[in-house]
Amino acid sequence: MISKMRLLCFGIASIGLLLGPVPRASSQTSPGLDLTLSRDSSVIRGQLAHASELGRRVVKELQNTPPNDSVPLDEGMLKSAHDTYALIRAARHGISMAREREKFPDPLKDLAFQRVEVAWNLSRTPVDLATSRGTSRQEYLQRSVHDLSRAIQLVDQALILMP
């Protein structure tokens with residue numbers, strides 16, 4: 001009886017390790033954000049399109065933010081910047097999962113993944129620098145606008161490349 005129980009526990013633990021951790025939406029993201037990790041191209045395209053739209057709004061808000069510290073950074077803008085990053089991260093993971101399942105590599109999907117990979121790293125700038133103590137407001141705004149604008153360009157290119 002004990003050996004059967006151990007075998008059952010071992011089997012359940014093995015399945016848990018094989019499946020990996022179940023991703024959850026961060027408590028920092030907005031409700032209703034589709035962060036589903038999926039290999040489905042339509043889900044990935046939706047995430048990238050939403051990230052592009054949201055990122056454009058963040059860039060406009062950053063451009064309208066005063067360069068001095070007289071006004072604190074808008075929390076809603078920072079939340080939208082984080083949501084943009086989270087959407088790109090989810091799409092990146094979805095493309096990665098889709099690439100792993102392919103028998104033959106798809107060069108267009110590989111190009112799309114490369115662009116999303118770079119966009120993912122660039123989209124972190126407005127979120128990461130917001131909490132950085134050594135960055136002036138002027139430098140934060142310049143780097144954030146530059147990096148997020150480039151990330152949006154790359155996301156738009158990836159959208160064109162995705163099937």
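The values are calculated or read from the model by the stated rules, or taken from the named source; none is laboratory data. What you are looking at is a predicted structure, and each value in this text was computed from that prediction instead of being measured. Here Cβ is always computed from backbone atoms with ideal geometry, including for glycine, and neighbour counts include all displayed protein chains.
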>> Return the residues of region 52-76 that are aliphatic (A, V, I, L, M) and touching a residue at least 24 places away in the same chain (Cβ under 8 Å); say none if nothing qualifies.
In response: 54, 58, 59, 62, 73
> helices (runs of 4 or more DSSP H) wholly in region 60-163 with at least 3 residues that are closer than 20 Å to residue 48 by Cβ and modelled with pLDDT of 95 or more - which ones?
Replying inline: 75-101, 107-122, 137-161
